[in-house]
Amino acid sequence: MTNNKPLDLICLGRAAVDLYGEQIGSRLEDMSSFAKYLGGSSGNIAYGAARMGLKSAMLTRVGDEHMGRFVREELARAGVDTSHVVTDPHRLTGLVILGIKDRETFPLIFYRHDCADMAIDPSDFSPGFIGSSKALLITGTHFSTEQTYTTSKTAIEYAKSAGTKVILDIDYRPVLWGLTGLGDGETRFISNEGVTRHLQTIIPELDLIVGTEEEIHIAGGSTDTIAALKTIRSLTSATIVLKLGAQGCTVLDGKIPDTENEFEVHSGVRVDVLNVLGAGDAFMSGFLRGWLREESHAKSCAYANACGALVVSRHGCAPAIPSAEELDDYLSRAESIRFPDKDARLNYLHRVTTQRSNQSWQDLCILAFDHRKQLFDMAREVGADPERIKYLKQLLVKATKQGASMIGSSQVGVLIDDTYGQDALNDVTGQGWWIGRPVEQPSSRAIEFEGGQSIAAKLQNWPKEHIVKCLIFYHPDDEISLRLTQERRVIKLFQACCQTGHEFLLELIPPRDMPLSDDVYINAMKRFLNLGVFPDWWKLPPQSKTGWQRITDLINDRSPHCRGVVMLGLDAPAEELQKGFSDSAGFSVCKGFAVGRTIFSEPSRQWLRREIGDKEFIDAIVSNYLELVSYWKARNSDN
């Protein structure tokens, strides 16, 4: 393997969108909702390889439309180089509709007529790009038409000239070779001499071939596995990886044995199967983690089998592929995990290492105006129509946008409710801001959720970028029945966030009538961690330096994937918050502030009284916001 190359892997081939039926056991005809995921074998492998820590790139085409942008953004989010994902102005991105009927039945329909990735052309890449990678992987579908065959052969020629290894994932789908009805995407094998002859024209150029027994049969031209393997070996000295399903796999270098009993089988771990779709792409991602780093076949196969096992226990293809950290944790205790989808630690690692945004939040200046009761009471107090609060929150968004343009390298964020702030939320969603959104009924103790107790159903309708914020008035010394009720509801909310993929922020405020000390916060945080609740974010009042040190130590020790803490204001004067900001200096776990009433209370009161207009209101908010930002930025210089 040539190691002095910037890329580990280039994947040429299918990149599409999978629409996965969510009702397990239903016919496709009866599906009522679908989850949208990245799809396409090559796309899945590039995505999975990036999750394995490899430097992968995608070489394909997508349509100039929403699904094409989704494919590009999902690949980039995983760390895939998308510089050669070409936008085709004339074709649509391919779609696949899939379902899970039972353990053996996985209906799927390919919508790929003249789709974008099948129009890939030699002009889409250069010899230098292909030569920049240790390996080039092509999937079998991209040899099925004259256009894709010519393009793939050109890429192989560039690879051979540059010392780049060439990999074939046979990925045999008879429907994509025109051998079945258009609706029969589920059939995995139909013997066809034409397909065999076609594949055998490229086999001599390969360094690694990976396939199931059926795929080896089509490549070798025989339904006798040994005979097929010997035919392939007569054409190439490439390493052959034969996938054996639940048994595991075998790796064949050199002479092919005369019987399958002579195979050295690298066994996989046994799991209950939910969904076999995508398992092969995960297998390949895991295998390449070892092979491209020149690890032993045994190690590479362990990665591959474990990746496949995890994916067959989950919904979806690409999103089910584990991260390297998750995979290593699984391998360390795989024999004891029969149900990976139910293992709390694996689910946690999968969530925090693959499902969260890769946005780095380090210096957050958040304007919090998710207040409902306070603004309602204010409107009533000054004789204003509470309906005006909705427009007020849109003005607050305008003020935040104006303020954001003046805060330099700091990052902007908002906390907005959907009771009065739905229009405001719509205004900011999709702009890359930090966005928090509350779920608690204001002032409820024990905590109640807005919209009733079906919290997971509520969150399912939220954009994924909205962070679920829950404020709980909590004290470790609360009366026992109250404390247990609160804890059960927070556990339920955290589980709902894990189910929907939203980040979770837990805001802790001790009741005013309870004793207060640094111990209250650290003990409350420990209690929730002990209950298996691992918030992505904490929102806490200002802490002493001792308190920040204890919180830092706790998070580093017990919850290292936690995003951090944002500091709340509790309507304190700006000068008082300045002291709190100063005490947080030097503690990187404190990511910023999330303050509201200190900034907006008096201007809002004046606006609701109609003492000031929209412009004056916005100007006042911007001025107050920038004052707090200046205190935040100055905290390090004060210490």
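When ranked by the protection proxy of mean other Cβ atoms within 10 Å per residue, highest first, what sequence do the peptides 79-91, 407-419 form? Each step should come with its number before you reach the end.
Details: 79-91: 18.0, 407-419: 20.2.
Packing order, densest peptide first, comes out as 407-419, 79-91.
Taking every pair of Cα atoms in segment 348-429, average 1/r, invert it to obtain the Kirkwood radius, and report Rg/Rh to two decimals. Write down the numbers at each step before the final one.
Values: Rg = 15.8 Å, Rh = 14.5 Å.
That ratio equals 1.09.
Nearest 5 percent is fine: what portion of the DSSP beta bridges confined to the chain is antiparallel? Don't jump to the answer; show the numbers that get you there.
Numbers: 18 of 85 bridges.
So the antiparallel bridges in the chain amount to around 20 percent.
Taking the Cβ-Cβ separation of Ser336 and Val382 as r and a Förster radius of 56 Å, what is the calculated FRET efficiency to the nearest 0.05? Walk me through the numbers before you get to the answer.
Values: r = 63 Å, r/R0 = 1.12.
After rounding, the FRET efficiency stands at 0.35.
Please compute the net charge surrounding Met118, taking Lys and Arg as +1 and Asp and Glu as -1 over other residues with Cβ under 9 Å from its Cβ.
Charge balance in the 9 Å sphere: +2.
If you build the Cα gyration tensor of segment 364-634 and take the root of 5 times each eigenvalue, what three semi-axes come out, in whole angstrom, biggest first?
Working: eigenvalues 159, 96, 66 Å².
In descending order, the three semi-axes are 28, 22, 18 Å.
Please rank Met52, Met406, Met31, fewest neighbouring Cβ atoms within 10 Å first, as an exposure proxy. Could you put the intermediate results ahead of the total?
Values: Met52 26, Met406 11, Met31 17.
Least crowded to most crowded, the residues run Met406, Met31, Met52.
Out of the DSSP beta bridges found with both residues in segment 364-634, what percent are antiparallel (nearest 5)?
Beta bridges within segment 364-634, antiparallel portion: roughly 5 percent.
Which of Ser357, Ser637, Ser161 comes first, and how do the rest follow, when ranked by fewest Cβ neighbours within 10 Å?
Working: Ser357 15, Ser637 8, Ser161 11.
The fewest-first ordering by Cβ neighbours comes to Ser637, Ser161, Ser357.
Per the Kirkwood definition applied to all pairs of different Cα atoms, how many angstroms is the hydrodynamic radius of the chain?
Numbers: mean 1/r = 0.0370 Å⁻¹.
The Cα-based Kirkwood calculation yields 27.0 Å.
At q = 0.11, 0.16, 0.19 Å⁻¹, what is the base-10 log of I(q)/I(0) for segment 165-277 according to the Debye formula with one equal point scatterer per Cα and no solvent? Please give it to two decimals.
Log-scaled intensity ratios, in q order: -0.36, -0.76, -1.03.
Could you check what % of the DSSP bridge pairs in segment 1-98 are antiparallel, to the nearest 5?
Values: 6 of 21 bridges.
Beta bridges within segment 1-98, antiparallel portion: roughly 30 percent.
By a straight-distance test (C-alpha under 29 Å), which lysines pair with Lys299 as possible cross-link partners, with residues fewer than eight away in the same chain excluded?
Leaving aside lysines fewer than 8 places away in the same chain, those within reach of Lys299 are Lys5, Lys55, Lys134, Lys160, Lys165, Lys230, Lys243, Lys255, Lys342.
Given 0.36 nm per residue, what is the gain on full extension from Gln431 to Tyr149 after removing their alpha carbon distance, in nm? Kindly include the intermediate steps, with their values, before the conclusion.
On the way: separation 282, 0.36 × 282 = 101.52 nm, distance 4.05 nm.
This chain segment gains 97.5 nm when fully extended.
Please report Glu264, Glu146, Glu215 as a ranked list, fewest other C-beta atoms within 10 angstrom at the top and most at the bottom.
Details: Glu264 12, Glu146 7, Glu215 25.
Lowest count first: Glu146, Glu264, Glu215.
How large is the charge dipole for segment 76-218, taken about the Cα centre, if only the Cβ atoms of Lys, Arg (+1) and Asp, Glu (-1) carry charge, to the nearest 20 debye?
Working: 12 positive and 20 negative charges, 49 e Å.
With only Lys, Arg, Asp and Glu charged at Cβ, the dipole is about 240 debye.
Would you compute, for the Cα atoms of segment 229-297, the largest minus smallest coordinate along each principal axis and list the three values in descending order, in whole Å?
Dimensions of segment 229-297 along the principal axes of its Cα atoms: 38, 28, 20 Å.
Ranked from highest to lowest mean number of other Cβ atoms within 10 Å per residue, what is the order of the peptides 280-289, 303-312? Can you show the working numbers first?
Working: 280-289: 29.2, 303-312: 27.3.
Result, highest mean Cβ count within 10 Å first: 280-289, 303-312.
What value, in deg cm²/dmol to 500, does the helix sum -39500 (n - 2.57) over DSSP H runs of n ≥ 4 give at 222 nm once divided by the residues of the chain? List each step's numbers first, then the result.
Details: 21 runs with 248 residues, N = 639.
Dividing the helical sum by the residues of the chain leaves -12000 deg cm²/dmol.
Each value in this text was obtained by applying a stated rule to the coordinates, not by laboratory testing. The model shown is predicted, which means the values in this text are computed figures rather than measured ones. Glycine gets a Cβ as well: all are built from the backbone with ideal geometry, and neighbour counts include every protein chain shown.
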